[in-house]
1. Determine, yes or no, whether Ala373 is assigned to a loop (DSSP other than H, G, I, E, B) and under 30 Å from Cys640 (Cα atoms).
2. For segment 537-593, which positions are among the charged types (D, E, K, R) and in a helix (DSSP H, G or I)?
3. Which condition from (1) out of contact with any Gly (no Cβ under 6 Å at 6 or more places or on another chain); (2) open to solvent by 20 Å² or more (accessible area, probe 1.4 Å); (3) of a type outside the set (Ser, Thr, Tyr); (4) in contact (Cβ under 8 Å) with a residue 40 or more places away in the chain is the one that Cys468 breaks?
4. Which numbered condition in (1) farther than 24 Å from Ser415 by Cα; (2) open to solvent by less than 60 Å² (accessible area, probe 1.4 Å); (3) touching a strand residue (DSSP E or B) at 6+ places or on another chain (Cβ under 6 Å); (4) of a type in the set (Lys, Arg) is the only one that Arg379 fails?
5. Which count do you get for residues in segment 125-136 that are open to solvent by 20 Å² or more (accessible area, probe 1.4 Å) and either farther than 17 Å from Gln41 by Cβ or modelled with pLDDT of 85 or more (or both)?
6. Checking Lys763 against (1) assigned by the TED database to the domain that holds Asn807; (2) buried (at least 18 other Cβ atoms within 10 Å of the Cβ); (3) closer than 28 Å to Tyr850 by Cβ: exactly one of these is not met. Which one?
7. Just wondering, is there one or more residues in segment 8-24 that are modelled with pLDDT of 75 or more, in a helix (DSSP H, G or I) and either of a type outside the set (D, E, K, R) or open to solvent by 90 Å² or more (accessible area, probe 1.4 Å) (or both)?
8. Here is a list: Thr456, Thr477. Which entry is part of a helix (DSSP H, G or I), hydroxyl-bearing (Ser, Thr, Tyr) and modelled with pLDDT of 85 or more?
Amino acid sequence: MEIITGTATDLVGKIFGYVGSTVGRQVGYLIHYKRNLENLQNEVAKLRVAKQTMSEKITVAEAKGEKIHSKVQVWLKDVAKTTKQAEGLLKDKQQATADDANNSLKDEGQPKTECVHGFCPNPMLRRRRSKKSLALIEDVTKLINEERELSDISYLPPKDLQTEVDKLNVAKRTVAEKVTAAEARGEKIHAKVEDWLKRVDEIIEKAEAFLKDKHQQIEEASELNDEIQAIDEKPDTSLSHGSKESLELLQVVTELYEMREFSDISYVLPAEDVCIASDEDYEEFDSRTSILEKILKELGNSSSEMILVYGVGGVGKTTLVEEVLRKTQKEKFFEDAVMVRDVKIPNLEAIQNQIIDKLGVDISEARTLPGRADKINERIKDKKTLVIFDDVWGELDLKAVGLPHKSTCRILLTSRSQQVFSHKIKQKGFPLGVLDDKEAWALFEKKAGDVVADPTIQPIATQVAKKCGGLPVFIITVARALENKPLSIWKDALRRLENFDEKEDLTQKAYSGIEWSYSQLSDKDQLQPLFLLCGLIAKGNYVSFADLLKYSIGLGLFEDYTVEDARNALYQQVYKLKSSSLLLDGDDGTCVRMHDLVHDVANRIAYRDHHVLVEDGGHERKKWPNEDFFTECSKICLPCRNIATLPQVPWQCPKLEMFHLHRESDDSSPEIPSNFFVEMKKLKVLGLSNVPLLPLPPSISFLKNLQTLCLDGCMFEDIALVGELRNLEVLSLVESKVKQLPKEIGQLTRLRLVDLSDCYELKVIPAGVISNWTRLEDLRMRNSFNNWESREVICETSNASLLELMNLPKLTALEVHIPDTDILPAKFFSDRLEKYQIFIVSMSWWDRMYETTVNKLILGPNTRYELDQGLKALLKRCGDLRFIGAQDVDFSFILKTEVRF
């Protein structure tokens, strides 16, 4: 009985305890009704933030081409479902509260949270809502925690071979279009691009054949097996991955696709050397022909590391190897051949540049000398190559250049010395002597012309020819100076040459003969100063026409000429100097050359007769001239390698007209003292080439008479100081590291020629600067600023607009790139333009502009041009008219005018 009584008691206690706890929970729902709903609202807000965060992660992943894990998709569905339930419960609560305030319900079927006409709460409805809110809070909290745990939301799906092949086809078409555009410009395609296109064609052919076979297998299997369905409607993994062959194809396709971006598609073929194009200056004398044949034979001998032609200056070494180059190219002895001129003091970077330019070596990823050497080495390793180094003065580290000994590469050099290389290097030497009397007379007779046939002149002419000692450069300069001259001049020439007999050294005799030829120049006031200027600004033995024009204008050699007239006059004067053999043709029409001996004579005359401080035989200048020299000094033209330091105390140079300091890439650069130009107040021309100017010397502001300022290749932070040089007529910043022209440059209202070519970093020219140059005649912006404003806007942050160019009334020469035809103003083309290079095309079609002597007009795709008087005039003067993306160009305007092609 006791047991039964105890059990009953326990049971009743548990029942009452359970009932009590249940009742307690129900009461708790009522008591915490509002708090539970508020907590639910807060948790839902947190869940919305979590969902937004997840959505952002998904957007990023999908942009990368990744697939979203299914667990994330399930989580998003659960979030949507739970959020909808919670928002429904909260909405019911808000609706009931609003209805209770009005003590009525618009919807009679809506349960009431109040009873007895709103005087007491409806406990049953509140309990249910409170209980449901707690359950939803639990679900929401769980979802929030799951979002934190979903660190890996996506994955990269296995690549589909067909898809990757399609992508590669698109990349191939893009590259092929650029190749077509480059070939239309007459450029050579880089070998790496041609190789990529070839490999792409091969792999696409293999991949498409593989995919075709797989599709055929699946179709055949489909006919036999009804379980294989919808082959064309969803991809089958057997087409994309799984088999060894498909994986190998996919790997190659992917690698080629990743290689699709090329920094440089093509390169400009080097202008054919004059010596290759024509052999008119080569005389087939027996003494030369025999050596030429021996050299050609030796080039076929794989045991020789190098071949050396040596002899005195002016004996014809360069002419001989030019003929070697011409013959080897004509008969295709070598796949590649290049001639590096004017080696003298070896400058490895300059030498590499000549080889790179002429062989089209891609150095986009090689910035150092060893890196560039590796690229050159790689370029020649599988091709028969001839490299000629002309006028070598000292031993040259061929391996550092990128030309280690290889059986495929032949090295040919010219030098005045037989011992230019050490005996460790196996070489074959060929001495080149002077011409014999018969050969010397034949050359003299040809250069002097028909005048030597005159019976009264011929006897003297034969004696003059003998006095030239068989040295070709001596013979040619004297003969040209006497061409069509009267008997009296011939007699005077013979008398002078007889005086030269006292000089035992043949080179010294040649110097005297060249100087006499200089003295015979007609129009001495024009030709002699121009000849001496060529010697002063020559880089090596090359003289740029562009530099010659800028310096000539500054020195007043073409006073009262327009820039266009000065350019034409300059070409005429240079032609006369070439006719006298004091200048030679350059590799292209943009420059001329000086023979070593002629260059030396020019500098000797400048120093002796015109108080010019010039280079002293390539040696470092450790001692400066005395004060008396600087008092009379008219020009200072020096390379940086000759200068250890510049004096801190300014030179007193009251007569100095020109200061020219140029630095080669591997030369050190002396610091220019801040007060250096203080006592050079008469200076007309200042040229600082490749010199770091951080900052510009403040004393530049003292140069109030400066006409020409050339800061080509310089590095500087700010050139606002230049704005104080109000008399400046020529400003050149070619290849300088300038990012922005200061607004102060707009103060230079007397500017007539501005050259900003190859200023690749120039992005800002403030609005109004160009329009202030109202006297400007020649503006060159090749490979430079092209961020033109679409309209004329003058404010602190706006750039220059094309309308500013239209408002320059004297502009007759223009080089400019306009990347977007939409910013081209109406009637932009001017019939005043005599010399121009205008590119209206995106750089994705045309990536570089080159210096040229012909008028060039490049028109891009998707363009329409209205034929006005200006464009019609340009078309008639155009020497190189090209259309890029021709299928998108409206040619109707061409048909309305006569264009010479």
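The values are calculated or read from the model by the stated rules, or taken from the named source; none is laboratory data. Everything numeric here is computed off the predicted structure, so don't read it as measured data. Positions of Cβ are generated from backbone atoms using ideal geometry, with glycine treated the same way; all protein chains shown enter the neighbour counts. In case anyone asks, the SASA skips ligands and DNA or RNA and just uses the protein heavy atoms, side chains included. Shrake-Rupley method; radii C 1.70, N 1.55, O 1.52, S 1.80 Å.
1. Criteria not met by Ala373.
2. Result: Asp547, Lys550, Glu564, Asp565, Arg567, Lys576, Lys578.
3. Every listed condition holds for Cys468 apart from (2).
4. Result: Arg379 passes all but (3).
5. 2
6. Lys763 satisfies every listed condition except (2).
7. For segment 8-24, residues modelled with pLDDT of 75 or more, in a helix (DSSP H, G or I) and either of a type outside the set (D, E, K, R) or open to solvent by 90 Å² or more (accessible area, probe 1.4 Å) (or both): absent.
8. Among Thr456, Thr477, only Thr477 is part of a helix (DSSP H, G or I), hydroxyl-bearing (Ser, Thr, Tyr) and modelled with pLDDT of 85 or more.
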